[in-house]
Amino acid sequence: MKNIYKLTFLFGVSILVLSCHNNATPNYQYFPNMYEPVSYGTYSESNAFKNGKEGQLPAEGSIKRGFVPYEYPNTPEALIAVKAANIKSPIDSMSTADMDKTKVLYETYCAICHGNKGDGQGRLVTQGKFLGVPNYKDRVINEGSIFHVVTYGLNNMGSHANQLSAHERWLVAAYVVDLKSKL
C-alpha cells in the first residue's frame with residue numbers, strides 16, 4: 001500500500017512539473033539582465049553617461065602617461081625657428097643596441113624614399129613613384145629640424161608621429177645627422 005502512495009505521489013509531482021513547463025517562455029530567470037541585454041545603437045544617445053551624449057572625457061589639461069609635449073606648432077615659421085635654435089637631442093648617448101634599433105627604424109620608415117645612405121635614391125624614387133626626395137648632403141638640417149619634420153611631415157612626406165614615439169624620432173634624427181656626415 002505504501003508503494004502505491006509513493007508511486008501516486010511521484011506521478012502527481014511529475015505531472016505537476018511537466019504541466020508547468022512552457023517552451024515559449026522560460027520559468028524563473030536568475031539575473032534576467034544577463035539573459036535579456038539592453039542593446040545600444042552605435043553613436044546613439046544613452047543614459048549610461050552623465051550628459052547622455054558622450055563618454056567620460058579626460059580631465060582638462062591632462063596628458064597621457066609618457067607623453068612629452070612638443071612646443072613647436074606645425075608651421076613653416078616653426079621649422080625655421082627650430083633650425084635657428086639648433087635644438088639638440090635629449091638623448092645623451094646611444095648604446096650599440098640603440099644604434100642597431102635606430103638603423104632598423106631608419107630602414108623601415110625612411111630608407112624606402114631617402115635611401116639607405118641618405119642620398120635620396122630610395123626604392124620608391126628609383127622606381128619613379130616619388131620625385132624630388134632630397135639628398136641629406138644638399139640640405140641645411142640639424143637634429144631639431146629632422147625631429148620636427150618627422151613629427152609633422154613636410155611636402156610629400158607625411159607625419160610619422162603615430163608610428164614612432166618621441167624617443168624613436170630623436171634616435172632617427174641622430175641617425176640622419178650621422179648619415180649626413182658620411183656623405
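The values are calculated or read from the model by the stated rules, or taken from the named source; none is laboratory data. Nothing here was measured: the structure is a model prediction, and the numbers come from that model. All Cβ positions, even for glycine, are placed from backbone atoms using ideal geometry, and neighbour counts span all protein chains on display. The accessibility values were calculated without ligands, DNA or RNA, using every heavy atom of the protein model including side chains. Shrake-Rupley method; radii C 1.70, N 1.55, O 1.52, S 1.80 Å.
Consider Val125 carefully, then state whether it is on the phi < 0 side of the Ramachandran plot, open to solvent by 30 Å² or more (accessible area, probe 1.4 Å) and of a type in the set (Val, Ile, Thr). Answer is no for this residue. Checking each residue in the stretch 77-103 for being open to solvent by 90 Å² or more (accessible area, probe 1.4 Å) and at pLDDT 85 or above picks out Glu77, Ile80, Lys103.
Every condition in (1) assigned to a loop (DSSP other than H, G, I, E, B); (2) hydrophobic (A, V, I, L, M, F, W, C); (3) open to solvent by less than 90 Å² (accessible area, probe 1.4 Å) is met by Leu131 except one, and the failing one is (3). Residue pairs whose Cβ atoms lie under 9 Å apart, sitting 6 or more positions apart in sequence or on different chains, and linking a residue in the stretch 94-115 that is on the phi > 0 side of the Ramachandran plot to a partner that is part of a helix (DSSP H, G or I), are Gly115/Arg123; Gly115/Val125; Gly115/Thr126.
Conditions (1) free of Cβ contacts under 8 Å to residues at least 24 places away in the same chain; (2) open to solvent by less than 30 Å² (accessible area, probe 1.4 Å); (3) in a helix (DSSP H, G or I), marked per residue:
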position	(1), (2), (3)
His148	no, yes, yes
Thr151	no, yes, yes
Ser159	yes, no, no
Glu168	no, no, yes
Asp178	yes, no, yes
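Across the stretch 90-120, what is the total count of residues that are more than 25 Å from Asn156 (Cα to Cα) and either touching a strand residue (DSSP E or B) at 6+ places or on another chain (Cβ under 8 Å) or part of a loop (DSSP other than H, G, I, E, B) (or both)? Let's see the steps before the verdict.
So the first thing to find is which residues in the stretch 90-120 are more than 25 Å from Asn156 (Cα to Cα), and the list is 90-101.
Among the residues that remain, those that are also either touching a strand residue (DSSP E or B) at 6+ places or on another chain (Cβ under 8 Å) or part of a loop (DSSP other than H, G, I, E, B) (or both) are: 90-95.
So the answer is 6.
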